[in-house]
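Student: I am attaching a structure below and will ask some questions about it afterwards.
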Amino acid sequence: MRCRARLARIWRRKNISGPVRLAPDARLIGLNWPGVPVLRSGVASEDDAAGVCMALAGIAETGTLLLASGPEAPSSLNFLPETHIVVLPGAQIVGALEDAWRELRRLNNGQMPRTVNLISGPSRTADIAMTMFMGAHGPKRLHVILVGDHDPAT
């Protein structure tokens with residue numbers, strides 16, 4: 001199943017009706033998005049129902065995603081929308097956290113981006129009255145779409 005079909009299925013199942021924000025990544029922008037609510041590209045805003053971005057790496061050891069900020073990856077997509085959808089090419093899954101840092105440096109010519117986010121699940125806390133609360137510091141829902149090779153269209 002193709003990436004956009006997987007995304008459309010998430011929209012239907014989770015009844016996402018508000019605007020969806022795409023990272024301004026050519027791999028996402030270039031896809032056809034039939035059946036998906038209003039799409040916008042760029043930095044997320046408070047009224048976005050969902051945000052879609054690409055992961056730089058997936059860390060098998062912990063089930064963690066590594067997302068690096070940049071012109072094609074605004075960090076606001078990781079925190080503002082209630083639903084966060086991350087596209088992870090299978091070729092970018094690494095074994096351990098150290099491997100992810102090495103890959104980050106390799107892809108950025110030895111330079112570190114302004115921001116790196118490590119995401120292991122939706123935002124949650126039980127600080128108040130020991131009651132689990134989702135979405136305290138970010139999205140309530142996290143969906144990871146694993147795609148073949150380096151092309152999210154596969």
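The values are calculated or read from the model by the stated rules, or taken from the named source; none is laboratory data. Just so it is clear, the model here is predicted, and its values are computed rather than measured. Positions of Cβ are backbone-derived with ideal geometry, glycine not excepted, and every protein chain shown enters the neighbour counts.
Student: Out of Leu39, Leu7, Leu31, Leu77, which single residue is in contact (Cβ under 8 Å) with a residue 12 or more places away in the chain and in contact with a Leu (Cβ under 7 Å, 6 or more places away or on another chain)?
Tutor: Answer to the check: Leu39.
Student: Please enumerate the residues belonging to the range 66-105 that are within 13 Å of Val52 (Cβ to Cβ) and either at pLDDT 95 or above or among the polar types (S, T, N, Q) (or both).
Tutor: Leu67, Ser76, Asn78, Thr83
Student: Only one of these is within 20 Å of Gly121 (Cα to Cα) and surrounded by 22 or more Cβ atoms within 10 Å (Cβ to Cβ): Leu7, Leu80. Name it.
Tutor: Leu7
Student: Within the range 51-77, which residues are closer than 21 Å to Ile10 by Cα and over 10 Å from the mean Cα position of the chain (by Cα)?
Tutor: Gly58, Gly63, Thr64, Ser76, listed by residue number.
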